[in-house]
Amino acid sequence: MEYGLHENFPIYSGGLGILAGDYLKAAKDQDLPVVGIGILWRQDYTEQYIDQDGNPYDVFADHDFDFVKDTGVTVTVTIRGETVPCKVWFVDHYNNAPLYLLDAAVPGSQHGWITQRLYWGGNDHRIAQEIILGVGGVRALRALNLEVDLYHFNESHSLFAGLELFREKMEQGLSFDQAWEETRKQVAFTTHTPVEAGNEKHSHWELQEMGAYNGLNYDQMARLGGDPFNMTQATLRIAYLANAVSQLHGETTREMWRETHDKAPIIAVTNGVHVPTWQDQAIRVAYDHNEDLWEPHLKAKKELIEFIRQKTGQVKDPNALIVGFARRAAAYKRNQLIFGDMTVIEPLLKEGKLQLVFSGKAHPDDYIGKNVIKDLVSMDRKYEDSIIFLENYDMKIAHYMVRGCDVWLNNPRRPLEASGTSGMKAAINGVLNLSIVDGWVCEGPQHGISGWLLECHEDHLHLPEDERDLQALYRILLTEVIPIYYEDFPRWQNMMRASIEMAQWKFSSARMIQEYYENIYTKAPVFMEQQTSGI
Ligand SMILES: *Cc1c(COP(=O)(O)O)cnc(C)c1O
């Protein structure tokens with residue numbers, strides 16, 4: 001549904017899209033035969049700024065991408081009984097494996113609104129977008145004459161591609177069950193959702209109305225996705241193998257779908273980030289040559305400070321500790337946890353010992369998330385010298401923050417973070433993670449060696465989760481992070497080195513894509529059958 005390849009190409013909302021972008025770059029680096037299918041969103045997800053009163057507001061500007069290439073191919077899909085033409089564009093501009101993007105804004109068509117904005121509109125709108133992505137995507141591959149061995153569905157947004165594979169096979173005379181069996185040999189599925197409620201469901205009435213059945217009937221559709229129709233469940237039943245995106249998420253996901261029968265086994269492939277995109281070059285060189293890491297780090301820190309100055313006019317101190325927190329504003333991410341007890345935090349802010357840099361967007365319709373942003377902005381205004389909120393979080397802000405902060409703070413409620421990837425970007429730059437043990441962090445930093453883990457003290461076990469985590473955060477901040485930063489510089493540098501060493505292969509997209517090949521793609525029944533029959 002989304003790809004985050006570069007800040008100048010805003011067809012992504014966050015982690016899911018950037019993962020897909022990093023994956024395509026890794027595929028290109030390793031010269032792997034992969035192509036991506038997506039949608040050319042004309043108006044981004046949102047550009048989100050802050051008004052004079054400190055409220056976030058959304059801007060939806062039309063983008064014209066002059067680097068996308070015309071393939072000359074147009075495919076059609078049927079939505080609500082109407083024929084919708086979709087133009088197919090091609091992008092290889094960002095050192096990425098080929099990416100084909102569908103676009104309903106065809107001159108003369110009434111249907112351009114469908115692909116206007118990412119994650120916008122009601123259920124029917126979402127279904128229409130998913131028909132274009134899935135059904136249109138398969139038709140684009142056929143029209144482009146690309147021979148496909150295997151389909152990898154990233155999130156259940158792409159499920160309808162499976163229904164198009166059914167339709168093709170049934171048109172050739174296969175029964176529904178035969179088509180299911182054959183399709184199942186060639187579809188792999190990555191699920192990213194850690195909570196049941198986060199999985200997309202649709203009423204059959206609406207799916208039928210929109211034309212998403214794609215030639216199937218109610219009984220067949222209900223066998224795949226139940227009633228109401230659960231997109232994740234259906235995709236689990238269409239795939240031969242599914243995966244979660246961290247080892248812990250694997251356990252959570254298996255537990256979540258325990259009762260779903262006839263589904264693919266669920267394994268885990270931990271996410272990774274594209275190191276050449278996210279790692280500072282000077283840090284890389286210093287690390288490789290076993291040289292001082294502080295000098296390149298301080299340079300990156302000063303670049304962040306200069307970036308902040310240009311955006312906001314505020315000046316930060318390069319010698320004082322900077323803790324970064326950039327994330328979507330959502331209740332479970334607890335963006336304001338650190339402000340839980342101002343009697344602890346305020347003195348640190350006033351003495352200039354602690355500087356906080358925040359960024360993040362809320363979904364345009366998420367009023368709770370927007371209030372989180374508003375609160376962060378009011379902290380920025382109250383503690384001008386020590387707190388900054390950077391509006392309109394995007395890959396550019398992430399670029400400066402994940403290399404220029406000293407510490408990367410992550411404190412979501414557990415176990416709601418499927419993986420998380422911004423902490424990996426920080427880790428490969430020697431920016432030390434201070435994190436709840438959830439998602440990738442369970443496999444990552446070691447406490448006091450390559451980061452800090454927010455694990456609670458036994459005296460606090462009886463407290464509610466938020467209070468417990470807050471106490472852990474304060475204890476570690478006050479007794480470890482701040483003293484080491486100001487008083488034990490050699491230890492800090494050792495930790496930076498250990499962080500890079502821990503992360504730069506293990507949490508790279510290069511490792512991730514190799515694991516997809518070894519543990520998922522090469523295990524596809526389409527290939528196994530070829531091997532046993534000696535082809
Ligand atoms: C890496 C990244 C994300 C994902 O980070 P999480 O740790 O998963 O929250 C989101 N947005 C941007 C702009 C990023 O660069």
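Please treat every number below as a calculation from the coordinates, not as lab data. Source: prediction; values computed, not measured. Backbone-built Cβ (ideal geometry, glycine too); neighbour counts: all protein chains shown.
Before moving on, here are some points about what is shown:
- Kirkwood hydrodynamic radius of the stretch 58-206, from inverse mean 1/r over distinct Cα pairs, in Å: 16.9
- Take the Cα of residue 488, go 7 Å toward its beta carbon, and the backbone nitrogen atoms of the stretch 291-312 under 19 Å from that spot belong to 293-294.
- Interchain or long-range residues, amide H under 5 Å from residue 387's placed H: 356
- Backbone HN-Hα couplings from phi across the stretch 48-58 [Karplus 6.51/-1.76/1.60, Hz, Gly and Pro as x]: 10, 10, 10, 8, 4, 7, x, 9, x, 9, 9
- Potential extension, residue 331-residue 76 segment - 0.36 nm per residue separation minus Cα distance: 87.8 nm
- Violating pairs (Cα-Cα greater than 28 angstrom) within the set 69/301; 333/353; 333/382; 311/506: 69/301; 311/506
- Distant-in-sequence amide contacts of residue 433, defined by a placed amide H-H separation under 5 Å and a gap of 5 or more residues or a different chain, comprise 408, 452.
- Rounded is the label for the stretch 275-507, because a/c, from the alpha-carbon gyration tensor with a ≥ b ≥ c as root eigenvalues, stays below 1.5.
- For residue 211, the residues 5 or more places off, or on other chains, whose built amide H falls under 5 Å of its own are 80.
- Candidate cross-link partners of residue 185 among the lysines, defined by an alpha-carbon separation under 22 Å and a same-chain spacing of 8 or more, comprise 169, 263, 523.
- Computed P(r) (all Cα pairs; the stretch 36-85; 10 Å bins; percent): 18, 31, 30, 15, 7
- Secondary-structure-derived ellipticity at 222 nm for the chain, considering helices only, amounts to -11000 deg cm²/dmol, per-run term -39500 (n - 2.57) for DSSP H runs with n ≥ 4.
- Interatomic Cα distance distribution for the chain, bins of 10 angstrom, percent: 4, 18, 28, 26, 16, 7, 2, 0
- Quotient of C-alpha Rg and 2.2 N^0.38 Å, computed over the stretch 1-126: 1.13
- Percentage relative contact order, the stretch 275-507, counting C-alpha pairs under 8 Å, at least six apart: 21
- Cα-based values for the stretch 212-345, radius of gyration first and Dmax second, are 23.8, 66 Å.
- Cα-only radius of gyration and Dmax that characterise the stretch 245-311, units Å: 20.6, 56
- Each residue of the stretch 229-245 was assigned a 3J(HN,Hα) from its phi angle through the Karplus curve 6.51 cos²θ - 1.76 cosθ + 1.60 (θ = phi - 60°); the sequence is 7, 9, 5, 5, 4, 4, 5, 4, 8, 8, 8, 7, 8, 10, 9, 8, 10 Hz, with glycine and proline shown as x.
- A full extension of the chain between residue 437 and residue 343 corresponds to an added length of 31.2 nm, given 0.36 nm per residue minus the alpha carbon distance.
- Reduced Cα scattering model of the stretch 122-250, Debye log10 I(q)/I(0), q = 0.13 Å⁻¹: -0.50
- Inter-part distance where the stretch 258-328 and the stretch 355-417 are each reduced to a Cα centre, Å: 14
- The Cα center of the stretch 474-531 and the Cα center of the stretch 38-64 differ in position by 32 Å.
- Remark: the stretch 101-108, residue by residue, has Karplus-estimated 3J(HN,Hα) of 10, 8, 9, 7, 7, 8, x, x Hz, where x stands for each Gly or Pro and the curve is 6.51 cos²θ - 1.76 cosθ + 1.60 at θ = phi - 60°.
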